[in-house]
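Asks: Below you'll find the structure I mean.
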Amino acid sequence: MEWSLAIVALALLGVAAVSRLLSGTPVTPTMLLVALGLLVGPRLLGGVDLSDSNSTLRALAEATLTLVLFSDASRVGLHQLRRGLGVPLRLLGLGLPLTIALGALTAAAVFGQLTLAEAIVLGVILAPTDAALGQAVAADQRIPARIRQGLNVESGLNDGICVPLLFAAVAAADVESRIAAGRGAVELLLEEIGYGALGGILAGALIAAIVVYAGRRRDLIAGPWRQVIPAAGAALAYGIATPLDGSGFIAAFMAGIVFRALLRRDPADTNRLTEEVGDVLSGVTFLLFGAILLRPALGELSWQLALYAILSLTVVRMAPVAAAMIGSRSRIATRGFLGWFGPRGLASIVFALIVVAESELPHQHMIVLAVYLTVGLSVFAHGLSAAPLADRYARWYESHPRGIAPPMESVPTQVSRPRGSRARAALRHPGPDR
């Protein structure tokens, strides 16, 4: 472990040194970091005790998800949701529960030893999507705005929605878990959501008040300190909720929603540091994921695990999306595009680490192996396919003359800022939006 910090720093420096060359290629920074983790993991990054709830990896991943949840929530304005509600509402309201259900049924069928409750836990862990793993989709403004907005909002909101579902599922599957702490699933669900929402509302309102009254009206905040406020607000929300047995993740998510609502604008300028720190921490998390979690999982690869990973990224995701889009007048190409771009990433990693540390499910090891292998496959499959499939879908859309373009896809929609440095760069130099 003596060289771990140096290896992490060198990996980040190496990816930073070629980051511009990666733009426009099928190779993503996340793919490089996971590959580097696989390469250097055995001797230089091994030895982390994942059963320790204070492990470095879990603390890092939870801090990263806290910042990401806050930033995701604060990027999406309620007025944008109202104008382009159709696609994200279908993906979240119908697609998400169907994905969890189909993922659980598939897990029960593929892994015969899992109980139904354990299968539901696995279905919930792998339900959230991570649009940052397919940044080429969000960055390509030739893709219809309504489709980009749907994927962007889905990814920004579904991990926050899945947090209480995960805790309730684990509590139902393992009544002795530290997550349950003697509470029933319903009681736990109410406390996690209630105290989490309370912490988020208090923190979000406080930092909004500071920005508005101390910043705009009194001019009391120095420029560099303005950037500290959102990150401190996310930490405050987490810090209020967790001592009350609420969900710190729900708190961070709610704080971002409240912050954006009270500011009545996109806090892009104020959130810049929080988002960039979140990007760096996410990169470190994926490096350690490759080194500590994915490499050992590959050593235990079986046909059942491989089959479930493939089904999770295809049938389990694409069939519910296709069902959710019935009646939307969307074309088959659009349904396939929306269905494929559901990468599994950071939230699934964090959820798996929580299950490892906080529960003692009979088949816990099988569950986390399935998660690690699915996320690893997703990093490469979605990373490699994002640019070419986005280009192919954009050319399909552009092949229709303006007057007879597909009606559902052509509805104008204001697109909220996507997550990821590549997508942010595209928005700084926008092309014609459609």
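Taken together, the values in this text are just the output of simple stated rules run on the coordinates, not laboratory data. This structure is a prediction, so every number in the text was calculated from the model and none was measured. Every residue, glycine as well, gets a Cβ built from its backbone with ideal geometry; the counts of neighbours run over all protein chains shown.
Asks: Using the Cα centre of the stretch 205-307 as the reference point, and only Cβ charges (+1 on K/R, -1 on D/E), how large is the resulting charge dipole? Debye, rounded to the nearest 20.
Replies: For the stretch 205-307, the charge dipole is close to 480 debye.
Asks: So, one more: Counting only C-alpha contacts under 8 Å and six or more residues apart, can you give the relative contact order of the chain as a whole percent?
Replies: Computed value for the chain: 31 percent relative contact order.
Asks: Taking 0.36 nm per residue of sequence separation and subtracting the Cα-Cα distance, how much length would be gained by fully extending the chain between Leu89 and Arg142, in nm to one decimal?
Replies: Here the segment from Leu89 to Arg142 would lengthen by 16.8 nm.
Asks: Between Arg265 and Ile161, how many nm apart are label points set 7 Å from Cα along the C-beta direction?
Replies: With each label placed 7 Å out from Cα toward Cβ, I get 3.0 nm.
Asks: Calculate the FRET efficiency for Ala17 and Leu384 from the Cβ-Cβ distance with a Förster distance of 22 Å, rounded to the nearest 0.05.
Replies: The value I calculate is 0.55.
Asks: Count neighbours as other Cβ atoms within 10 Å of each site's Cβ, and list the trypsin sites (Lys or Arg not before Pro) in the stretch 192-264 that are DSSP loop with at most 14 such neighbours.
Replies: Here the sparse-neighbourhood loop sites are Arg218, Arg264.
Asks: Quote the charge dipole size of the chain about the Cα centre in Debye, to the nearest 20; the model charges only the Cβ of Lys and Arg (+1) and of Asp and Glu (-1).
Replies: With Lys and Arg at +1 and Asp and Glu at -1, about 2100 debye.
Asks: Another question about this same structure. In whole Hz, with x marking every Gly and Pro, tabulate ³J(HN,Hα) for the stretch 144-150 from phi via Karplus 6.51 cos²θ - 1.76 cosθ + 1.60, θ = phi - 60°.
Replies: Those phi angles translate into x, 4, 5, 6, 4, 5, x Hz.
Asks: Suppose the chain between Ala222 and Leu190 were pulled fully straight at 0.36 nm per residue; how much longer would it get relative to their current alpha carbon spacing?
Replies: Here the segment from Ala222 to Leu190 would lengthen by 7.5 nm.
Asks: Counting Lys +1, Arg +1, Asp -1, Glu -1, what net charge surrounds Trp340 among other residues with beta carbon under 12 Å of its beta carbon?
Replies: Counting the neighbours of Trp340, the net charge comes to +3.
Asks: If R₀ is 22 angstrom, what is the calculated FRET efficiency for the pair Thr242 and Glu360, using the beta carbon separation as r and rounding to 0.05?
Replies: After rounding to 0.05, the efficiency reads 0.55.
Asks: While we're looking at this one, here's another question. Hey, if you put +1 on the Cβ of every Lys and Arg and -1 on every Asp and Glu Cβ in the chain, which of Ala11, Gly103, Ala386 ends up farthest toward the positive end of that dipole?
Replies: About the Cα centre, the residue reaching furthest to the positive side is Ala386.
Asks: OK, next. What is the spin-label model distance, in nm, from Leu301 to Ala232 if the labels are put 7 Å beyond Cα along the C-beta direction?
Replies: According to this spin-label approximation, the distance is 4.8 nm.
Asks: What is the extension gain from Ala205 to Ser410, computed as 0.36 nm multiplied by their sequence separation minus the C-alpha to C-alpha distance, in nm to one decimal?
Replies: Full extension of this stretch gives 70.1 nm more.
Asks: Moving to a separate point now. For Cα pairs less than 8 Å apart in space and 6+ apart in sequence, what is the mean separation divided by the residue count of the stretch 95-217, i.e. the relative contact order in percent?
Replies: Over the stretch 95-217, the number comes to 19 percent.
Asks: Counting just the Cα atoms, what span does the chain cover along each of its three principal axes? Round to the nearest Å and put the largest first.
Replies: If we take the Cα atoms of the chain, the spans are 58, 53, 46 Å.
Asks: Something else about it: R0 = 25 Å: FRET efficiency of Arg395 with Ile332, Cβ-based, nearest 0.05?
Replies: Plugging the Cβ-Cβ distance into 1/(1 + (r/R0)^6) gives 0.95.
Asks: Continuing with the same structure: What are the trypsin sites (Lys or Arg not before Pro) within the stretch 319-363 that DSSP puts in a loop, where the Cβ has at most 15 other Cβ atoms within 10 Å?
Replies: Arg329
Asks: Let me ask you something else. For the chain, what is the mean residue ellipticity at 222 nm derived from helices alone (per DSSP H run of n ≥ 4: -39500 (n - 2.57); sum divided by total residues; nearest 500 deg cm²/dmol)?
Replies: One gets -21500 deg cm²/dmol as the mean residue ellipticity at 222 nm.
Asks: Follow-up. For the stretch 329-407, what does the relative contact order come out to in percent, with C-alpha contacts under 8 Å and a separation of six or more?
Replies: 44
Asks: Further question on the same structure: State the answer as a single residue: which of Ala241, Ile221, Gln149 lies farthest towards the positive end of the charge dipole of the chain, with beta carbon charges of +1 for Lys and Arg and -1 for Asp and Glu, about the Cα centre.
Replies: Of the candidates, Gln149 comes out farthest on the positive side.
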